[in-house]
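Q: Following this message is one structure expressed as structure tokens.
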Amino acid sequence: MTNPTVPAEHLLALAADFTRHNDALAEIRLTAGGPATALNHQTSLTQHLSDSALHIVDVLNEQPMYHSPAIHAVYARVKQLAQLTVTAADHLLNAADILEVTRAGIPVHDDGLLLTSRQALDEARSRLTLVRDLTALGTTDALATAELFVAERRRRGARPLHQPPALSTAQGVALRAVALGAVTITDDRPIIRSDGVRVSISTIRSLESRGLVTREPCPRQHHDERVHLTTDGSRGLAATFGLPRPTVPTVARPASRPTVARAATR
């Protein structure tokens, strides 16, 4: 029997890898005349994203289903993620090559002119910025694609084999925020990078106790840990796709005071 959450779970894993990739990418600091070690390491992470996206295409091909416009869009989005990461990896390799050949005194251009250390650094930084732009929305796009796939399969009668976990509204919102790569923890306090969403540490702990999320060290400055979905968390969240979303918890604001009409006096 086909299970529409399988490709979605792979997409959620890809979303988490994009978050890890972008966390590491944000902390790369290039210096004039410095080695390209960080760029070479980052390139392998970027190539892994491309391999994972292409594997998801294979997983989709194994699913017997009608290729509706929505399913075609899923394929297109996954292939686009693969191509974006291939391009990003190429830019990282080029940036590393520029730094390395400049340090070795080898001309970068055919005219035989050497780049100065500053010129090489500026060029490498420019390519690094481009890579950050290319992969910045990878987490969001992978999550949206996973949800589109399951919702479309539900619409055509293919329901997840696993029941969605029983979640409170706050837990459901937190699980989705984690999948978006929007939750880090510093000094045991959640930091949320998502407008209008609030997640408490007690909610994170409740999801941890159920084996739905886990914490990992986060390389970003001022962020101690990043919260990620576990395998069970990905399976559980995927099973909720296509169902009504929980309401986002917000802070209640005090009611405004009624305006008191005053009679005009002469």
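Q: Quick one: would you say Leu60 is in contact with a Phe, Trp or Tyr (Cβ under 7 Å, 6 or more places away or on another chain), assigned by TED's automatic domain parsing to the domain that holds His10 and either of a type outside the set (Ser, Thr, Tyr) or farther than 19 Å from Asp23 by Cα (or both)?
A: yes
Q: Taking interchain pairs and intrachain pairs at least six residues apart, which have beta carbon atoms under 6 angstrom, with the first residue in region 125-151 and closer than 14 Å to Ala182 by Cα and the second polar (S, T, N, Q)?
A: Listed by first residue and then by second, the contacts come to Thr139/Thr19.
Q: Is it true that some residue in region 5-28 is in a loop (DSSP other than H, G, I, E, B) and small (Gly, Ala, Ser)?
A: There is no residue in region 5-28 that is in a loop (DSSP other than H, G, I, E, B) and small (Gly, Ala, Ser).
Q: Is it the case that region 128-136 has a residue that's at pLDDT 95 or above and in contact with a strand residue (DSSP E or B) (Cβ under 9 Å, 6 or more places away or on another chain)?
A: No, region 128-136 has no match at all.
Q: Testing Ala53 on (1) of a type in the set (A, V, I, L, M, F, W, C); (2) touching a residue at least 12 places away in the same chain (Cβ under 8 Å); (3) more than 25 Å from Glu147 (Cβ to Cβ), one condition comes back false. Which one is that?
A: With respect to (1) of a type in the set (A, V, I, L, M, F, W, C); (2) touching a residue at least 12 places away in the same chain (Cβ under 8 Å); (3) more than 25 Å from Glu147 (Cβ to Cβ), Ala53 is out only on (3).
Q: Can you tell which of His222, His228 is of a type outside the set (S, T, N, Q) and either assigned by TED's automatic domain parsing to the domain that holds Ala151 or modelled with pLDDT under 95 (or both)?
A: Only one candidate qualifies: His222.
Q: Also: Among the listed residues Leu60, Leu45, Leu115, identify the single one that is within 30 Å of Cys218 (Cα to Cα) and not acidic (Asp, Glu).
A: The match here is Leu45.
Q: Look through region 159-174, keep the residues that are surrounded by 12 or more Cβ atoms within 10 Å (Cβ to Cβ) and modelled with pLDDT under 90, and return whichever of them is farthest from Gln63 (Cα to Cα).
A: So the residue we want is His162.
Q: Another one. Can you find a residue that is surrounded by 20 or more Cβ atoms within 10 Å (Cβ to Cβ), under 18 Å from Ala144 (Cβ atoms) and of a type in the set (A, V, I, L, M, F, W, C) anywhere in region 90-109?
A: Filtering region 90-109 down to residues surrounded by 20 or more Cβ atoms within 10 Å (Cβ to Cβ) leaves 91-92, 95-96, 98-99, 102.
With under 18 Å from Ala144 (Cβ atoms) added as a condition, the list becomes none.
No; the residues of region 90-109 include none that is surrounded by 20 or more Cβ atoms within 10 Å (Cβ to Cβ), under 18 Å from Ala144 (Cβ atoms) and of a type in the set (A, V, I, L, M, F, W, C).
Q: So, one more: Can you pull out every residue in region 183-216 that is within 14 Å of Ala16 (Cα to Cα) and in a loop (DSSP other than H, G, I, E, B)?
A: Leu212, the sole residue that qualifies.
The values are calculated or read from the model by the stated rules, or taken from the named source; none is laboratory data. Bear in mind the structure is a predicted one, so any value in this text is a computation, not a measurement. Neighbour counts are summed over all protein chains in view; Cβ atoms, including those assigned to glycine, are modelled from backbone coordinates with ideal geometry.
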